[in-house]
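This is the structure I have questions about; it appears just below.
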Amino acid sequence: MGMTKRTYSITDNNDDWVKVRVGSGEYATDSEYMRDLIRRDKEQFGKIEALRAAIIEGEQSGMSNRTPQQIVDAAKQRLREDGKL
């Protein structure tokens, strides 16, 4: 994977925080910390997009004849089948 060199300006307060995070030993360099922040942001963005898609799908599916409890039970069953509950 190629690398692109970038220069960013941050506030003194944010710079102090980056130094704390790098100084903790969790990150070897400022760049490593920034790359981790970007990776986490991309993951979060993916989760938000999936949630948006699910909301749109739900809105477009119309009204249900099931009770709220039946919907909850079905969701729990699906989570059990997927090994998430």
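Only residues that are exposed (fewer than 11 other Cβ atoms within 10 Å of the Cβ) and among the hydrophobic types (A, V, I, L, M, F, W, C): list them for region 60-73, please.
Answer for region 60-73, where residues must be exposed (fewer than 11 other Cβ atoms within 10 Å of the Cβ) and among the hydrophobic types (A, V, I, L, M, F, W, C): just Met63.
Identify the single condition in (1) surrounded by 11 or more Cβ atoms within 10 Å (Cβ to Cβ); (2) assigned to a helix (DSSP H, G or I); (3) modelled with pLDDT of 95 or more that Ile10 does not satisfy, given that it satisfies every other one.
Looking at each condition in turn, Ile10 falls short on (2).
Could you tell me which residue of region 20-35 is surrounded by the most Cβ atoms within 10 Å (Cβ to Cβ), considering only residues that are charged (D, E, K, R) and under 15 Å from Tyr8 (Cβ atoms)?
The extreme case among them is Asp30.
The values are calculated or read from the model by the stated rules, or taken from the named source; none is laboratory data. Keep in mind the model is a prediction, meaning the values are calculated, not measured. FYI the Cβ positions are ideal-geometry reconstructions off the backbone, even for glycines, and counts take in every protein chain you see.
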